[in-house]
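Take a look at the structure set out below.
The values are calculated or read from the model by the stated rules, or taken from the named source; none is laboratory data. As the structure is a prediction and not an experimental result, all values here were calculated from the model. Counting neighbours? That spans all protein chains shown, and the Cβs are built from the backbone with ideal geometry, glycine included. Keep in mind that these areas ignore ligands, DNA and RNA; they rest on the heavy atoms of the full protein, side chains included. Shrake-Rupley method; radii C 1.70, N 1.55, O 1.52, S 1.80 Å.
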Amino acid sequence: MTRRPQTPRKTPTARAPFRLSGRWAAAIFALLVALLFHDVALEGMTFVSPDTTAPAGFVRVGEQTLYGEHAYPLWNPFVFLGMPSYASGAYNPLIYPPDWPLALVAKVIPLPDMIWLLLYYFLGAFFTFLLAREWGARPEGALLAGAAYVFAPNLVAVGSHGHGSQLVNSAYVPLLLWLAARWMRRGGVHHLGWLALAGGFQMLRGHVQIAFYTWLAIALWLVVAVIAAAMRRGDDDAPPLGVVVGRAFAVGGAMAVAFGIAAVYNLPLRDYARYSIRGGGPDGGVGMDYATAWSLGPWELPTIVLPGYAGFANPTYWGGMPFTDYPNAYVGMVAVVAAIPALLTRGAPQAFALVLMLLSLGIAFGRHFPLYGFLYDHLPLFNKFRIPVMVIVLFQLGIALALSWGVSRVLDEGAARRAGGAARAEGGAGGRLLLGVAIALGLLMVVGLMAQDAWRAGYLANALRHGQAMNPSYSPDAAAAAYQGFVGDLARVGLLGLLAAGALVLARRGSLPPLVVSGILLVLLLVEIWPVSARVMAPVIGAPAQNRIEQERDDVVTLLEAAGPPGSFRILPLNPQEFQSNRYAGFAIASVGGYHAAKPRLAQIFIASRRVDNLNWMRLLNVRYVLVDAILDTPGLREVLRGQRMIVYENGAALPRATVVGSYRVATADSTIIDSVAYGGDPALTTWLVKDPGLTLGPVEGAKTTITKYGLNEVTVDVETPGPGLLRLADLWYPDWTAKVDGRPAEVLRADFLLRAVAVPAGRHQVAFRFESASVRTGLWVSIASLLASVALIAWGAWAARRPRPAREPVAAAVGTA
């Protein structure tokens, strides 16, 4: 009997343990974003805050001009007598390349409303993961860092309440730091090219202040890296100081290229700043009072871990923020507890994060701390910004990074214990630190449960003092409600922190595997911060129909649309809310008012003069309709509609948008011109100029004007006058407006403080006003050249990286990982 040879059995191989890779982290972040924003991502809802819907007005008209008339919209004539729409950052279509792929996909596949916004929450988390990994964190710690950064109420509020550009720029902060850190550690000009490209894209997304803070953080990292390299000179594994310094200077070059990539946006914005309220202060800035209106009160620091400490929303909030009445600096006790072990970890990144947190808090305090005033006076561009609390995003990033290192240290100690190689001295310090944290949290729970009345009187007095400083009507009942919210937080926060500390203790002892520990901490972190973030977001979630411009149509808009074409009249809403509304711009209806955070300085001075309802000024500014919410008894005003929300009066004395005047007077003082127009006679006969053009005018009786074209960037007027005169257009003067009379260039004069005028000879003529921005043209060419430079750096670096090279010592220990 012949035996068949047996096939040897394959020995089963041990399955490799699960590793939390970047792909898994990305998948987890995507799932978490979908869960937190499930109303928007999965249930067809959207964000409907006023700041989300208000800008849609002019966007509608701008898109009609862009796609219907094939003219790029640079000017918005429908608010503040007109203002740059592009240079002010209000509407910059098609300049942000990362939007293009999503727009193409949306044409083929229906996407949820605001999906682009949710994408940046995902990217912000993933970029934080990459940065934490670059600086030595374990993947488990880096995962927690990404979640802590993007799900804190501050960023959730920013995105959901309509500040999309601020959220997008905040997502870029960890990306640019990651790219800068990789360049400092590894070299390779492709890293420098990517840094320039990403920095340029961040600026193109249109939030200059967060972009400024990003490069401020990068500069701080470079300083720390150079100091660390200098301190390690002489060590065998220390990088050459000259190399570190050279790479730091190269980052400055990348910043210059990034600015160049965004020059098509940056240069017009810089020019406009001089003519806006952002450059209208006596020091060339916005003015210290305006700049520091949103200063974080130092008394609000407990809200870092206790969200209800200073009250929460109207009417209980007694912090220092107007409108943004939620815990701006809140990160949660779980994040803070997990970050504490990082205090025992030394390294350049850890020093950087600590300094970054302290610096950002000092800036966020604004008027309450001298650092802001020092930077306002001495740091270039800093005096153009407002809302000091906006910098708190850097504090939250610092906490997130510290969280990643704290968790990583504990997990490393647990792994060492399991391997039998724990360092007694260092391990003892970590154990004592966690024990101290646990004891403190236990006491916090006891106080929250047992001693609620111990400091009630002191809390109420403090709340009333600060609350009434911001709002004189802040009441004792509101303070008492805030106190109840505060003591309710004590026990909950103490318990969550104690659970986090317990998980870290078990992890340090090696009793729990890393994935289990990170899972527990992630759940605790989300259980703590998600309810607070959801509470901030809940009031602005609604049906998409609420976000459509047609929802703003009412009987007043219907009347005004039928009253005449754009350029034929202007409205003056006297109700403060309507005066600051941009909704009329969506229907091509021009208003004296409007809203923009950087409105034209001339318009602001005029509005602040309280002459907007003066009859002479209304006549001059082509105000044909006055909108009020109460009955008026003013001679010359005739009621034409008693609408559902507003009463509309017609001003029969309103001058046409374009008029010819036969005399002028000269004055340079703002108040002289404003008051002279208000009380100095008929504005149809005389205009006030800020300089003498040396003209001889008149007679102009019987002169006629006809606006034949009224576009966003161009206005054409046919003029017939018996004698030489000044054609005055009741639209805002701005230096980029040019004029031609019968095809020949003519000077655009500033008339009646804030309007445009052009000298015309006797006879029939055509005057063409055109908005021509040299900074846009120059910026476009600079952007193209800089983009090519960054792509060339990336290509060159990628090619060089593929070439074989001799082994060399790593140049990074002091500037890379801990």
**Report entry** At 1.567 mPa s and 4 °C, Stokes D of the stretch 498-539 from Kirkwood alpha-carbon radius, µm² per second
**Finding:** 115 µm²/s
Report task. Could you run the Karplus curve 6.51 cos²θ - 1.76 cosθ + 1.60 with θ = phi - 60° over the stretch 150-162 and give me ³J(HN,Hα) per residue in whole Hz, x for Gly and Pro? Result -> 8, 9, 5, x, 4, 6, 5, 5, 4, x, 6, 9, x
Report summary line: Taking R0 as 56 Å and r as the Cβ-Cβ distance between residue 675 and residue 19, the FRET efficiency 1/(1 + (r/R0)^6), rounded to the nearest 0.05, comes to 0.15
Report summary line: For residue 709, the lysines lying under 16 Å Cα to Cα, once residues fewer than eight places off in the same chain are dropped, come out as 740
**Report entry** Solvent exposure ordering (accessible area, 1.4 Å, most first) of 686, 716, 696
**Finding:** 696, 686, 716
Query raised in the report: What aspartates and glutamates could a cross-link reach from residue 704, if we take a straight Cα to Cα line under 13 Å and drop same-chain neighbours fewer than 8 places away?
Result: 718, 720
Query - Principal axis dimensions, the stretch 641-759 - Cα atoms, whole angstrom, descending - result: 50, 33, 31
Requested in this report: Set the Förster radius R0 to 25 Å, insert the Cβ-Cβ distance between residue 798 and residue 99 as r into 1/(1 + (r/R0)^6), and round the FRET efficiency to 0.05.
Outcome: 0.50
Query raised in the report: From the residues 695, 510, 497, which one has its Cα farthest along the dipole of the chain in the positive direction, the dipole being from +1 and -1 charges on Cβ of Lys/Arg and Asp/Glu about the Cα centre?
Result: 510
Query raised in the report: Expressed in nm to one decimal, what extension gain is obtained for the pair residue 107 and residue 577 from 0.36 nm per residue of sequence separation less their Cα-Cα distance?
Result: 165.6 nm
Query raised in the report: Loop-only check: which GluC sites (Glu not before Pro) in the stretch 609-707 are DSSP coil with at most 15 other Cβ within 10 angstrom?
Result: 701
Query raised in the report: Can you give me the pair-distance distribution of the stretch 111-203, C-alpha pairs, 10 Å bins, whole percents?
Result: 17, 43, 32, 8, 0
Report task. Return, ordered by residue number, the residues of the stretch 712-740 whose backbone nitrogen is under 19 Å from a label point located 7 Å along Cα→Cβ of residue 663. Result -> 722-728
Query raised in the report: Once the Cβ-Cβ distance between residue 535 and residue 274 is put in as r, and R0 is 51 Å, what FRET efficiency do you end up with, to the nearest 0.05?
Result: 0.80
Query raised in the report: What whole number of Å gives the distance from the Cα centroid of the stretch 448-500 to the Cα centroid of the stretch 632-660?
Result: 52 Å
Query raised in the report: What full-extension length gain, to one decimal in nm, is calculated for residue 762 and residue 69 as 0.36 nm per residue of separation minus the Cα-Cα distance?
Result: 246.1 nm
Query raised in the report: In terms of the Cα gyration tensor, with a ≥ b ≥ c the square roots of its eigenvalues, is the stretch 471-612 rounded because a/c is under 1.5, prolate because a/b exceeds b/c, or oblate?
Result: prolate
**Report entry** Peptides ranked, highest mean first, by Cβ atoms within 10 Å: ranges 666-677, 256-267
**Finding:** 256-267, 666-677
Requested in this report: Using Cα positions and a limit of under 30 Å, work out the lysines in reach of residue 384, with same-chain residues fewer than 8 apart set aside.
Outcome: 599, 691
Report task. Please give the peptides 770-777, 749-756, 57-64 ranked by average Cβ packing (other Cβ atoms within 10 Å per residue), highest first, as a rough proxy for protection. Result -> 749-756, 57-64, 770-777
Requested in this report: Kindly report the accessible area of the stretch 68-127 per residue (heavy atoms of protein chains, probe 1.4 Å, no ligands, DNA or RNA), in Å².
Outcome: 43 Å²
Report task. With a/c under 1.5 counting as rounded, go ahead and sort the stretch 114-269 into rounded, prolate or oblate using the C-alpha gyration tensor (a ≥ b ≥ c being the square roots of the eigenvalues; past the cut-off, prolate if a/b is larger than b/c, else oblate). Result -> oblate
Query raised in the report: Taking the mean number of other Cβ atoms within 10 Å as a proxy for protection, how do you rank 532-540, 458-466 from highest to lowest?
Result: 532-540, 458-466
Query raised in the report: When the helix-only estimate is applied to the chain (DSSP H runs of n ≥ 4, each -39,500 (n - 2.57), divided by the residue count), what is the mean residue ellipticity at 222 nm, nearest 500 deg cm²/dmol?
Result: -16000 deg cm²/dmol
Report task. Using the charge dipole of the stretch 610-672 (Lys, Arg: +1 at Cβ; Asp, Glu: -1 at Cβ; taken about the Cα centre), state which of 655, 641, 631 has its Cα farthest towards the positive end. Result -> 655
Query raised in the report: Which percent of the accessible heavy-atom area of the chain goes to carbon and sulfur, probe 1.4 angstrom?
Result: 61 percent
Query raised in the report: With a sphere of radius 13 Å drawn around the Cβ of residue 614, what net charge do the other residues whose Cβ falls strictly inside it have (Lys, Arg +1; Asp, Glu -1)?
Result: 0
Query raised in the report: Accessible area per residue, 1.4 Å probe, Å², for the stretch 377-524: what's the number?
Result: 44 Å²
Requested in this report: Kindly give Rg over Rh for the stretch 29-125, based on alpha-carbon atoms, with the Kirkwood expression for the hydrodynamic radius.
Outcome: 1.02
Query raised in the report: Tell me, in nm to one decimal, what length is gained between residue 379 and residue 480 on full extension, where the rule is 0.36 nm per residue of separation less the Cα-Cα distance?
Result: 32.1 nm
Query raised in the report: Roughly what percent of Cα-Cα pairs across the stretch 348-459 reach past 20 Å?
Result: 65 percent
Query raised in the report: Which residues' amide hydrogens lie under 5 Å from the amide hydrogen of residue 591, considering only partners 5 or more residues apart or on another chain, with H built in the peptide plane?
Result: 79, 80, 81, 571
Query raised in the report: At a probe radius of 1.4 Å, what is the per-residue accessible area of residue 691, in Å² to the nearest 10?
Result: 110 Å²
Report task. Determine the per residue accessible area of the stretch 642-681 with all protein chains present and a 1.4 angstrom probe, expressed in square angstrom. Result -> 47 Å²
Query raised in the report: For the chain, what size does the Cα cloud have along each of its three principal axes, sorted from largest down, in whole Å?
Result: 120, 71, 70
**Report entry** Descending principal axes extents, the stretch 250-369, alpha-carbon based, whole Å
**Finding:** 45, 43, 23
Query raised in the report: For the pair residue 738 and residue 249, how long in nm is the line joining their label points, each one 7 Å along Cα→Cβ?
Result: 4.1 nm
Report summary line: Rounded to the nearest 10 Å², the 1.4 Å probe accessible area of residue 24 is 130 Å²
Query raised in the report: In sequence order, what are the phi-derived ³J(HN,Hα) couplings for the stretch 497-508 according to the Karplus relation 6.51 cos²θ - 1.76 cosθ + 1.60 with θ = phi - 60°, rounded to whole Hz, with x for glycine and proline?
Result: x, 5, 5, 5, 4, x, 4, 5, 4, 4, 5, 5
